[in-house]
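Note sheet for the following structure.
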Amino acid sequence: MNGTFLLIKKNWIYLITSIKSALVSSILFCLFMPMWSIGFGVVMPALIGYILTYSIMAYEERSKVELMTAAMPVSRKEMCTSRYIESLIYLIGGCVIAQIGLWFNFITQQHMMMEEILKMVPIMLAATFLIGAIYNSIILPVIFYFGTIKARYYLIFSYILIFVGANTISNMRLVDESIVVYINKLDGIMPILMMLIGVIIYYISYRISLNIWTKKDFK
């Protein structure tokens, strides 16, 4: 596992030095988009978890850094595991940041009291995590299989689906209000179940990507 965390450290250095614009823009999107719509607040962390991981992988693929990494004394499993841990960290960070924007939305647009908002925090965190876990669980194996360049066409299509869905919710005020009402009725066990489902799906995706990555031929 030591090699895994060294790879994560290496990629973090890339992120805050060579491609820090992706980090800054991701944080800003995740903070301000939820202020506009609950729909975007729920889906933005999914994109953040993927975008930051993809940006690093695309940077390495263009610079042929992955070839050097493959020649280092680290296993394919460590390389794959590091990507999934990174994506999970970014997803969780995005979920937390999005909650700030959602709080502002609930106070200014939904006119909710702080006590009502606090009741919604667990289920909103769980919902954003579940959606993000499902999205990244689908996208990451695609990137591992096709590479960042070839996979970009599939990713563009996924962007369209995400933003169309979020925009539909943002343009339908009644949907936003119904979401708030429904969330308030959910039982306390629901957030735990949603998080557990997200983790299971994410692990299955990891096993698929690991199988792909161990057989990948670097050129």
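Some values worked out for this structure:
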{"quantity": "Residue list for region 13-25, restricted to those being touching a residue at least 40 places away in the same chain (Cβ under 8 Å) and either in contact with a Phe, Trp or Tyr (Cβ under 8 Å, 6 or more places away or on another chain) or surrounded by fewer than 15 Cβ atoms within 10 Å (Cβ to Cβ) (or both)", "calculated": "14, 18, 19"}
{"quantity": "Some residue of region 137-144 being among the aromatic types (Phe, Trp, Tyr), open to solvent by less than 10 Å² (accessible area, probe 1.4 Å) and either at pLDDT 85 or above or closer than 23 Å to residue 200 by Cβ (or both)", "calculated": "yes"}
{"quantity": "Residue within region 153-175 that is outside any helix (DSSP H, G or I) and either at pLDDT below 65 or aromatic (Phe, Trp, Tyr) (or both) present", "calculated": "yes"}
{"quantity": "Filter pass, residue 8 being open to solvent by 50 Å² or more (accessible area, probe 1.4 Å), closer than 30 Å to residue 196 by Cβ and not basic (Lys, Arg)", "calculated": "no"}
{"quantity": "Flag for residue 89 being part of a helix (DSSP H, G or I), modelled with pLDDT of 80 or more, within 29 Å of residue 5 (Cβ to Cβ) and in contact with a Cys (Cβ under 8 Å, 6 or more places away or on another chain)", "calculated": "no"}
{"quantity": "Selection within region 176-219 - at pLDDT 65 or above, of a type in the set (D, E, K, R) and open to solvent by 90 Å² or more (accessible area, probe 1.4 Å)", "calculated": "207, 215, 217"}
{"quantity": "Identity of the residue in region 56-86, among the hydroxyl-bearing types (Ser, Thr, Tyr) and modelled with pLDDT of 80 or more, that ends up farthest from residue 149 (Cα to Cα)", "calculated": "75"}
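The values are calculated or read from the model by the stated rules, or taken from the named source; none is laboratory data. Every value quoted in this text rests on a predicted model; they were computed, and no experiment measured them. A quick note on method: Cβ atoms are made from the backbone with ideal geometry, for glycine too, and the neighbour counts reach across all protein chains shown. Remember, those area values only see protein heavy atoms, side chains included, never the ligands or the DNA or RNA. Shrake-Rupley method; radii C 1.70, N 1.55, O 1.52, S 1.80 Å.
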